[in-house]
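These notes concern the structure reproduced below.
Read-outs: derived from the displayed coordinates by stated rules, not from any lab. Source: prediction; values computed, not measured.
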Amino acid sequence: MFVDDLESMAIHPVVQNGEVVVSEGRLVDPVEGGFHDLPEALGHFRLPPLTVEDLRIPARPGRRIRVIRVQERSLLTDEEWIEPRVLGELAVADPDRDIAPY
C-alpha cells in the first residue's frame with residue numbers, strides 16, 4: 001500500500017505481487033489466499049502468565065530510563081531517556097509529563 005501522508009494515513013493503491021489489487025478503496029480482482037489460509041500457530045506466541053511484579057520498572061533517583069515517546073497524531077515513535085518519577089525503588093506514572101511506566 002502507498003501512504004502519501006502519515007498524519008492523515010490516506011491509503012492509495014494496494015499492490016500485491018506487482019499487481020494493483022485495491023484502487024480507490026475497492027478490490028480490483030479477488031485476492032487469492034488470505035489470513036485464514038495461514039497455519040494456526042503462525043502469528044501467535046505463548047508467554048508465561050504475567051504478574052504485576054513482572055511489569056514493575058526498577059529505578060533510582062538521578063538515574064534515567066528508556067521510554068518510547070509517541071509522536072502526536074502519528075504512528076511513529078521516538079526513543080527517549082528520561083529521569084522518571086520514583087517511589088521507593090520503582091518508576092511510577094507521572095501524569096504531569098504524560099508518562100505511564102506500563
Non-local residues with an amide H under 5 Å from the amide H of Val28, with H modelled 1.01 Å from N and Pro and chain starts lacking one, are Val22, Ser23
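Per residue of the chain, what 222 nm ellipticity follows from adding -39500 (n - 2.57) for every DSSP H run with n ≥ 4, rounded to the nearest 500? Write down the numbers at each step before the final one.
Numbers: 1 runs with 4 residues, N = 102.
Dividing the helical sum by the residues of the chain leaves -500 deg cm²/dmol.
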Taking a ≥ b ≥ c as the square roots of the Cα gyration tensor eigenvalues, with a/c under 1.5 meaning rounded and otherwise prolate when a/b beats b/c or oblate if not, segment 51-102 comes out prolate
